[in-house]
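Notes for the one structure printed next.
The values are calculated or read from the model by the stated rules, or taken from the named source; none is laboratory data. Just so you know, these numbers come straight off a predicted model, no measurement behind them. Ideal geometry is used to build each Cβ from the backbone, glycine not excepted, and the neighbour counts take in all protein chains shown. Accessible surface areas use protein heavy atoms only, side chains included; no ligands, DNA or RNA. Shrake-Rupley method; radii C 1.70, N 1.55, O 1.52, S 1.80 Å.
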Amino acid sequence: MKIDGVAYRSVWVDLDDGWSVRIFDQTRLPWSVEILRLTNEGEVAHAIRSMQVRGAPLIGAVAAFGLALALRRDASDETLESVAAMLGATRPTAINLRWALARMLAELRPVPPARRAEAAYAAADAIAEDDVETCRAIGQHGLPLLQAIAARKPGKPINVLTHCNTGWIATVDYGTALSVIYQAHDAGLPVHVWVDETRPRNQGSALTAWELGKHGVPHTVIADNAGGHLMQHGEVDIVLVGTDRVTRQGDVANKIGTYLKALAAHDNKVPFWVALPHSTLDMSVRDGLREIPIEERAAEEVLTVTGRTEDGRVETVRTAAPGSAGANPAFDVTPARLVTGLITERGRCDASEAGLLKLYPEFAAGKDAA
(Lines give C-alpha, C1' and ligand atoms only; values in the text may rest on other atoms or scores of the structure.)
Protein backbone atom coordinates (compact mmCIF):
# COMPACT_ATOMS: atom_id res chain seq x y z
CA MET A 1 0.00 0.00 0.00
CA LYS A 2 1.05 3.63 -0.28
CA ILE A 3 1.68 6.64 1.93
CA ASP A 4 1.54 9.83 -0.13
CA GLY A 5 2.32 7.88 -3.28
CA VAL A 6 5.22 5.85 -1.83
CA ALA A 7 4.74 2.07 -1.58
CA TYR A 8 5.48 0.42 1.77
CA ARG A 9 5.01 -2.79 3.62
CA SER A 10 4.51 -2.85 7.37
CA VAL A 11 7.74 -4.76 8.09
CA TRP A 12 10.93 -5.15 6.10
CA VAL A 13 14.60 -6.02 6.57
CA ASP A 14 17.25 -3.38 5.90
CA LEU A 15 20.11 -5.38 4.41
CA ASP A 16 22.37 -2.33 4.28
CA ASP A 17 22.04 -1.64 7.99
CA GLY A 18 23.15 -4.78 9.75
CA TRP A 19 20.08 -6.83 8.79
CA SER A 20 17.93 -4.66 11.04
CA VAL A 21 14.15 -4.99 10.97
CA ARG A 22 12.09 -1.88 10.21
CA ILE A 23 8.51 -1.20 11.29
CA PHE A 24 6.24 1.81 11.60
CA ASP A 25 5.78 3.03 15.18
CA GLN A 26 2.00 2.70 15.32
CA THR A 27 1.81 4.55 18.63
CA ARG A 28 2.89 7.70 16.73
CA LEU A 29 0.25 7.42 14.02
CA PRO A 30 -1.62 9.37 12.73
CA TRP A 31 0.25 12.40 14.07
CA SER A 32 3.59 11.44 12.56
CA VAL A 33 5.05 8.66 10.43
CA GLU A 34 8.09 7.29 12.25
CA ILE A 35 10.05 4.18 11.28
CA LEU A 36 11.63 2.12 14.05
CA ARG A 37 14.87 0.17 13.68
CA LEU A 38 14.81 -3.12 15.59
CA THR A 39 18.16 -4.83 16.09
CA ASN A 40 17.53 -7.61 18.63
CA GLU A 41 14.82 -9.81 20.09
CA GLY A 42 14.38 -7.58 23.15
CA GLU A 43 13.49 -4.59 21.01
CA VAL A 44 11.09 -6.74 19.00
CA ALA A 45 9.39 -7.99 22.18
CA HIS A 46 9.03 -4.43 23.48
CA ALA A 47 7.57 -3.25 20.17
CA ILE A 48 4.92 -6.00 20.32
CA ARG A 49 4.03 -5.50 23.99
CA SER A 50 3.83 -1.71 23.71
CA MET A 51 1.78 -1.95 20.49
CA GLN A 52 4.34 -0.04 18.49
CA VAL A 53 3.61 -2.94 16.18
CA ARG A 54 0.14 -4.53 16.36
CA GLY A 55 -2.36 -6.42 14.27
CA ALA A 56 -2.57 -10.20 14.58
CA PRO A 57 -0.94 -11.17 11.25
CA LEU A 58 1.75 -8.50 11.55
CA ILE A 59 2.94 -9.38 15.05
CA GLY A 60 3.43 -12.97 13.88
CA ALA A 61 5.65 -11.83 11.01
CA VAL A 62 7.58 -9.36 13.19
CA ALA A 63 8.15 -12.01 15.86
CA ALA A 64 9.52 -14.34 13.18
CA PHE A 65 12.03 -11.67 12.17
CA GLY A 66 12.80 -11.11 15.87
CA LEU A 67 13.76 -14.76 16.20
CA ALA A 68 15.98 -14.40 13.13
CA LEU A 69 17.73 -11.43 14.75
CA ALA A 70 18.42 -13.50 17.88
CA LEU A 71 19.87 -16.38 15.88
CA ARG A 72 22.22 -14.01 14.08
CA ARG A 73 23.79 -13.38 17.47
CA ASP A 74 23.62 -16.96 18.78
CA ALA A 75 22.24 -19.83 16.71
CA SER A 76 22.29 -22.43 19.48
CA ASP A 77 19.36 -24.73 20.31
CA GLU A 78 18.99 -22.98 23.67
CA THR A 79 18.61 -19.54 22.09
CA LEU A 80 16.19 -20.85 19.48
CA GLU A 81 13.86 -22.31 22.10
CA SER A 82 14.16 -19.60 24.76
CA VAL A 83 13.69 -16.64 22.41
CA ALA A 84 10.71 -18.29 20.70
CA ALA A 85 9.11 -18.79 24.13
CA MET A 86 9.86 -15.21 25.17
CA LEU A 87 8.40 -13.71 21.99
CA GLY A 88 5.39 -16.00 22.17
CA ALA A 89 4.49 -14.64 25.62
CA THR A 90 4.26 -11.00 24.51
CA ARG A 91 0.55 -11.08 23.53
CA PRO A 92 -1.79 -13.91 24.59
CA THR A 93 -4.92 -13.64 22.42
CA ALA A 94 -3.79 -13.43 18.78
CA ILE A 95 -3.01 -16.96 17.60
CA ASN A 96 -0.96 -15.72 14.62
CA LEU A 97 1.96 -15.05 16.96
CA ARG A 98 2.05 -18.63 18.18
CA TRP A 99 1.48 -19.94 14.63
CA ALA A 100 4.42 -18.00 13.17
CA LEU A 101 6.82 -19.04 15.92
CA ALA A 102 5.73 -22.68 15.71
CA ARG A 103 6.38 -22.60 11.97
CA MET A 104 9.82 -21.08 12.57
CA LEU A 105 10.70 -23.74 15.17
CA ALA A 106 9.56 -26.57 12.91
CA GLU A 107 11.77 -25.32 10.08
CA LEU A 108 14.81 -24.37 12.14
CA ARG A 109 15.18 -27.20 14.65
CA PRO A 110 16.57 -29.61 12.01
CA VAL A 111 18.97 -26.98 10.60
CA PRO A 112 22.56 -27.08 11.89
CA PRO A 113 23.43 -24.00 13.99
CA ALA A 114 26.02 -22.89 11.43
CA ARG A 115 23.26 -22.41 8.86
CA ARG A 116 20.45 -21.35 11.17
CA ALA A 117 20.73 -17.56 10.92
CA GLU A 118 20.46 -17.55 7.15
CA ALA A 119 17.64 -20.11 7.24
CA ALA A 120 15.77 -18.07 9.86
CA TYR A 121 15.68 -14.95 7.70
CA ALA A 122 14.47 -17.02 4.76
CA ALA A 123 11.74 -18.60 6.89
CA ALA A 124 10.61 -15.24 8.31
CA ASP A 125 10.57 -13.73 4.83
CA ALA A 126 8.42 -16.63 3.62
CA ILE A 127 5.93 -15.94 6.42
CA ALA A 128 5.77 -12.28 5.39
CA GLU A 129 5.31 -13.12 1.71
CA ASP A 130 2.62 -15.64 2.57
CA ASP A 131 0.74 -12.96 4.49
CA VAL A 132 0.88 -10.54 1.55
CA GLU A 133 -0.57 -13.06 -0.90
CA THR A 134 -3.09 -14.29 1.67
CA CYS A 135 -4.42 -10.79 2.33
CA ARG A 136 -4.63 -10.00 -1.38
CA ALA A 137 -6.70 -13.16 -1.87
CA ILE A 138 -8.97 -12.29 1.08
CA GLY A 139 -9.83 -9.03 -0.67
CA GLN A 140 -10.61 -10.85 -3.89
CA HIS A 141 -12.94 -13.30 -2.16
CA GLY A 142 -14.71 -10.55 -0.25
CA LEU A 143 -15.15 -8.23 -3.25
CA PRO A 144 -18.28 -10.02 -4.62
CA LEU A 145 -20.13 -9.18 -1.38
CA LEU A 146 -19.75 -5.46 -2.06
CA GLN A 147 -20.40 -5.90 -5.76
CA ALA A 148 -23.73 -7.53 -4.92
CA ILE A 149 -24.68 -4.60 -2.67
CA ALA A 150 -23.73 -2.15 -5.41
CA ALA A 151 -25.98 -4.01 -7.87
CA ARG A 152 -28.95 -3.72 -5.49
CA LYS A 153 -28.56 0.04 -5.03
CA PRO A 154 -27.02 1.48 -8.21
CA GLY A 155 -25.58 4.95 -7.90
CA LYS A 156 -25.73 4.94 -4.11
CA PRO A 157 -22.83 4.49 -1.68
CA ILE A 158 -22.07 1.08 -0.18
CA ASN A 159 -22.00 1.77 3.56
CA VAL A 160 -19.57 -0.52 5.36
CA LEU A 161 -19.10 -0.46 9.12
CA THR A 162 -15.79 -1.69 10.48
CA HIS A 163 -14.24 -2.00 13.94
CA CYS A 164 -10.62 -1.61 15.07
CA ASN A 165 -7.96 -1.66 12.33
CA THR A 166 -7.73 -4.43 9.75
CA GLY A 167 -5.64 -2.69 7.10
CA TRP A 168 -2.17 -3.00 5.70
CA ILE A 169 -0.67 -1.51 8.86
CA ALA A 170 -2.08 -4.51 10.79
CA THR A 171 -0.73 -7.06 8.31
CA VAL A 172 2.34 -7.11 6.08
CA ASP A 173 0.31 -5.60 3.21
CA TYR A 174 -3.29 -5.19 1.94
CA GLY A 175 -5.05 -5.99 5.23
CA THR A 176 -7.90 -8.40 5.94
CA ALA A 177 -11.31 -6.70 6.10
CA LEU A 178 -9.83 -3.50 4.67
CA SER A 179 -8.37 -5.49 1.79
CA VAL A 180 -11.96 -6.06 0.67
CA ILE A 181 -12.67 -2.34 0.93
CA TYR A 182 -9.49 -1.27 -0.86
CA GLN A 183 -10.09 -3.65 -3.74
CA ALA A 184 -13.72 -2.53 -4.04
CA HIS A 185 -12.64 1.12 -4.07
CA ASP A 186 -9.93 0.43 -6.64
CA ALA A 187 -12.51 -1.36 -8.80
CA GLY A 188 -14.59 1.83 -8.89
CA LEU A 189 -17.32 0.85 -6.40
CA PRO A 190 -18.74 3.78 -4.37
CA VAL A 191 -17.60 2.56 -0.96
CA HIS A 192 -18.12 4.63 2.18
CA VAL A 193 -16.81 3.36 5.53
CA TRP A 194 -18.21 4.03 8.97
CA VAL A 195 -15.08 3.85 11.16
CA ASP A 196 -15.64 2.92 14.81
CA GLU A 197 -13.26 4.91 16.99
CA THR A 198 -12.40 1.67 18.87
CA ARG A 199 -11.76 2.83 22.39
CA PRO A 200 -9.65 2.75 24.41
CA ARG A 201 -6.65 2.87 22.02
CA ASN A 202 -8.63 4.34 19.11
CA GLN A 203 -7.20 2.07 16.43
CA GLY A 204 -10.19 2.97 14.28
CA SER A 205 -10.09 6.75 14.47
CA ALA A 206 -6.28 6.85 14.49
CA LEU A 207 -5.18 4.03 12.18
CA THR A 208 -8.12 2.95 10.01
CA ALA A 209 -9.13 6.53 9.28
CA TRP A 210 -5.50 7.42 8.49
CA GLU A 211 -5.14 4.46 6.13
CA LEU A 212 -8.42 5.11 4.34
CA GLY A 213 -7.57 8.78 3.96
CA LYS A 214 -4.17 8.01 2.46
CA HIS A 215 -5.85 5.64 -0.02
CA GLY A 216 -8.64 8.08 -0.89
CA VAL A 217 -11.53 5.98 0.47
CA PRO A 218 -14.49 8.08 1.73
CA HIS A 219 -15.04 7.47 5.42
CA THR A 220 -16.62 8.90 8.57
CA VAL A 221 -15.39 8.34 12.14
CA ILE A 222 -18.16 7.47 14.61
CA ALA A 223 -18.36 6.80 18.33
CA ASP A 224 -18.20 3.11 19.16
CA ASN A 225 -21.81 3.07 20.33
CA ALA A 226 -23.24 4.74 17.20
CA GLY A 227 -23.19 1.62 15.02
CA GLY A 228 -26.46 0.18 16.27
CA HIS A 229 -28.26 3.47 15.68
CA LEU A 230 -26.98 3.61 12.10
CA MET A 231 -28.10 0.03 11.49
CA GLN A 232 -31.57 0.78 12.83
CA HIS A 233 -31.90 3.59 10.28
CA GLY A 234 -30.69 1.55 7.30
CA GLU A 235 -27.35 3.33 7.00
CA VAL A 236 -25.17 0.21 7.21
CA ASP A 237 -25.21 -2.30 4.35
CA ILE A 238 -22.62 -4.68 5.77
CA VAL A 239 -20.28 -5.05 8.75
CA LEU A 240 -16.73 -6.16 7.92
CA VAL A 241 -14.31 -6.91 10.75
CA GLY A 242 -11.10 -8.84 11.24
CA THR A 243 -10.16 -11.25 14.00
CA ASP A 244 -7.29 -12.36 16.21
CA ARG A 245 -8.45 -15.97 16.59
CA VAL A 246 -11.20 -18.15 15.09
CA THR A 247 -12.12 -21.43 16.75
CA ARG A 248 -12.99 -24.77 15.20
CA GLN A 249 -16.71 -24.05 15.53
CA GLY A 250 -16.40 -20.52 14.11
CA ASP A 251 -16.34 -18.34 17.24
CA VAL A 252 -14.45 -15.10 16.63
CA ALA A 253 -12.15 -13.27 19.06
CA ASN A 254 -11.62 -9.66 18.03
CA LYS A 255 -11.10 -6.21 19.49
CA ILE A 256 -13.37 -5.38 22.42
CA GLY A 257 -16.72 -4.10 21.16
CA THR A 258 -16.99 -6.48 18.21
CA TYR A 259 -19.56 -8.63 20.01
CA LEU A 260 -21.87 -5.64 20.47
CA LYS A 261 -21.65 -4.84 16.76
CA ALA A 262 -22.56 -8.44 15.96
CA LEU A 263 -25.59 -8.27 18.24
CA ALA A 264 -26.78 -5.05 16.62
CA ALA A 265 -26.20 -6.45 13.16
CA HIS A 266 -28.14 -9.62 14.00
CA ASP A 267 -31.08 -7.63 15.39
CA ASN A 268 -31.21 -5.41 12.29
CA LYS A 269 -30.56 -8.18 9.74
CA VAL A 270 -27.30 -6.57 8.59
CA PRO A 271 -24.71 -9.07 7.24
CA PHE A 272 -21.79 -9.50 9.64
CA TRP A 273 -18.69 -10.89 7.88
CA VAL A 274 -15.28 -11.68 9.38
CA ALA A 275 -12.10 -11.61 7.28
CA LEU A 276 -9.18 -13.77 8.34
CA PRO A 277 -5.98 -15.42 7.10
CA HIS A 278 -5.29 -19.11 7.72
CA SER A 279 -2.81 -18.14 10.44
CA THR A 280 -5.73 -16.88 12.57
CA LEU A 281 -7.44 -20.28 12.71
CA ASP A 282 -7.08 -22.23 15.94
CA MET A 283 -8.68 -25.61 15.32
CA SER A 284 -7.42 -26.87 18.69
CA VAL A 285 -10.01 -24.65 20.40
CA ARG A 286 -13.73 -25.31 20.10
CA ASP A 287 -15.51 -23.00 22.56
CA GLY A 288 -14.17 -19.47 22.20
CA LEU A 289 -15.87 -18.10 25.30
CA ARG A 290 -14.33 -20.70 27.58
CA GLU A 291 -11.01 -21.44 25.92
CA ILE A 292 -9.58 -18.26 24.36
CA PRO A 293 -7.40 -16.24 26.79
CA ILE A 294 -8.44 -12.58 26.80
CA GLU A 295 -5.65 -10.06 27.24
CA GLU A 296 -6.19 -7.57 30.05
CA ARG A 297 -4.29 -4.37 29.32
CA ALA A 298 -3.36 -1.45 31.59
CA ALA A 299 -6.25 0.43 33.19
CA GLU A 300 -4.61 3.72 32.22
CA GLU A 301 -5.62 3.11 28.59
CA VAL A 302 -9.26 3.44 29.69
CA LEU A 303 -8.75 6.29 32.14
CA THR A 304 -6.81 8.53 29.73
CA VAL A 305 -6.90 9.61 26.10
CA THR A 306 -4.12 10.77 23.79
CA GLY A 307 -4.56 13.40 21.08
CA ARG A 308 -3.00 16.39 19.40
CA THR A 309 -3.54 19.87 20.76
CA GLU A 310 -4.26 22.91 18.60
CA ASP A 311 -0.59 23.92 18.72
CA GLY A 312 0.54 20.52 17.45
CA ARG A 313 1.63 18.86 20.69
CA VAL A 314 0.64 15.23 21.29
CA GLU A 315 -0.60 14.96 24.86
CA THR A 316 -2.19 12.33 27.09
CA VAL A 317 -4.86 13.59 29.47
CA ARG A 318 -6.97 11.91 32.14
CA THR A 319 -10.69 11.74 31.32
CA ALA A 320 -12.03 9.63 34.21
CA ALA A 321 -12.99 11.01 37.60
CA PRO A 322 -10.11 11.10 40.10
CA GLY A 323 -9.87 7.94 42.17
CA SER A 324 -11.80 5.79 39.69
CA ALA A 325 -10.54 2.32 38.88
CA GLY A 326 -10.40 1.04 35.31
CA ALA A 327 -10.83 -2.37 33.68
CA ASN A 328 -9.46 -3.02 30.22
CA PRO A 329 -10.23 -6.36 28.54
CA ALA A 330 -8.70 -5.94 25.08
CA PHE A 331 -10.83 -8.51 23.20
CA ASP A 332 -14.23 -10.15 23.26
CA VAL A 333 -15.62 -13.30 21.63
CA THR A 334 -18.46 -13.24 19.12
CA PRO A 335 -20.27 -16.61 18.99
CA ALA A 336 -20.45 -18.25 15.58
CA ARG A 337 -24.26 -17.98 15.56
CA LEU A 338 -23.93 -14.20 15.11
CA VAL A 339 -21.45 -14.41 12.21
CA THR A 340 -22.91 -14.39 8.69
CA GLY A 341 -19.75 -15.92 7.27
CA LEU A 342 -15.96 -15.99 7.10
CA ILE A 343 -13.81 -14.56 4.29
CA THR A 344 -10.49 -16.39 3.89
CA GLU A 345 -7.75 -16.63 1.29
CA ARG A 346 -9.38 -19.84 0.07
CA GLY A 347 -12.89 -18.42 -0.28
CA ARG A 348 -15.95 -17.71 1.85
CA CYS A 349 -17.64 -20.15 4.20
CA ASP A 350 -20.11 -20.50 7.05
CA ALA A 351 -18.80 -19.81 10.53
CA SER A 352 -18.89 -23.46 11.53
CA GLU A 353 -16.68 -26.51 11.71
CA ALA A 354 -18.27 -27.90 8.56
CA GLY A 355 -17.72 -24.61 6.73
CA LEU A 356 -14.09 -24.37 7.75
CA LEU A 357 -13.33 -27.99 6.89
CA LYS A 358 -14.68 -27.46 3.37
CA LEU A 359 -11.97 -24.85 2.83
CA TYR A 360 -9.30 -26.46 5.05
CA PRO A 361 -9.81 -30.24 4.75
CA GLU A 362 -6.31 -30.85 6.10
CA PHE A 363 -7.58 -29.89 9.56
CA ALA A 364 -9.77 -32.98 9.57
CA ALA A 365 -6.53 -34.96 9.84
CA GLY A 366 -5.21 -32.66 12.56
CA LYS A 367 -2.65 -30.88 10.39
CA ASP A 368 -1.90 -27.16 10.30
CA ALA A 369 -3.23 -24.99 7.47
CA ALA A 370 -0.65 -24.02 4.88
- Give, as residue ranges, the helices (runs of 4 or more DSSP H) completely inside the range 213-315 that count at least 2 residues that are small (Gly, Ala, Ser). 227-232, 258-267
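When you check PRO271 against the structure, is it farther than 21 Å from ILE59 by Cβ, without any contact (Cβ under 8 Å) to a residue 12 or more places away in the chain and surrounded by fewer than 21 Cβ atoms within 10 Å (Cβ to Cβ), yes or no? I'd like the intermediate steps shown before the answer.
Numbers: farther than 21 Å from ILE59 by Cβ: yes; without any contact (Cβ under 8 Å) to a residue 12 or more places away in the chain: no; surrounded by fewer than 21 Cβ atoms within 10 Å (Cβ to Cβ): yes.
So PRO271 does not fit the description; no.
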- Item | Only listed residue being farther than 19 Å from GLY60 by Cα, modelled with pLDDT of 95 or more and in contact with a helix residue (DSSP H, G or I) (Cβ under 6 Å, 6 or more places away or on another chain), chosen from ARG248, ARG290 | ARG248
- In this structure, does ALA70 turn out to be open to solvent by 10 Å² or more (accessible area, probe 1.4 Å), in a helix (DSSP H, G or I) and either touching a residue at least 60 places away in the same chain (Cβ under 8 Å) or not β-branched (Val, Ile, Thr) (or both)? no
- Answer yes if at least one residue in the range 94-110 is open to solvent by 60 Å² or more (accessible area, probe 1.4 Å), outside any helix (DSSP H, G or I) and at pLDDT 95 or above, and no otherwise. yes
- Message: Suppose the filter is out of contact with any strand residue (DSSP E or B) (no Cβ under 7 Å at 6 or more places or on another chain), surrounded by fewer than 18 Cβ atoms within 10 Å (Cβ to Cβ), under 30 Å from GLU362 (Cα atoms) and without any contact (Cβ under 8 Å) to a residue 40 or more places away in the chain; does ARG313 pass it?
- Response: no
- Message: Give all pairs with beta carbons closer than 7 Å in which a residue from the range 198-215 that is at pLDDT 95 or above and of a type in the set (A, V, I, L, M, F, W, C) meets a residue that is open to solvent by less than 10 Å² (accessible area, probe 1.4 Å) and assigned to a helix (DSSP H, G or I); count only pairs at least 6 apart in sequence or on separate chains.
- Response: LEU207/ILE169
- Item | Scan of the range 329-338 for residues that are more than 18 Å from the chain's Cα centre (by Cα) and either under 18 Å from CYS164 (Cα atoms) or touching a residue at least 60 places away in the same chain (Cβ under 8 Å) (or both), ordered by number | PRO335, ALA336, LEU338
- Residue count for the range 333-354, restricted to those that are open to solvent by less than 70 Å² (accessible area, probe 1.4 Å), touching a Leu at 6+ places or on another chain (Cβ under 8 Å) and of a type outside the set (S, T, N, Q): 8
- Would the range 135-142 turn up any residue that is open to solvent by 10 Å² or more (accessible area, probe 1.4 Å) and either among the small types (Gly, Ala, Ser) or more than 20 Å from the chain's Cα centre (by Cα) (or both)? yes
- Note on the structure: Note on the range 135-167: residues farther than 26 Å from THR27 by Cα, touching a residue at least 60 places away in the same chain (Cβ under 8 Å) and in a helix (DSSP H, G or I) are ALA137, ILE138, HIS141, GLY142, LEU145, LEU146, ILE149
- Restricting attention to the range 45-65, does a residue exist that is open to solvent by 10 Å² or more (accessible area, probe 1.4 Å) and more than 23 Å from the chain's Cα centre (by Cα)? no
- Would it be correct to say that ASP311 is at pLDDT below 95 and farther than 19 Å from ARG245 by Cα? yes
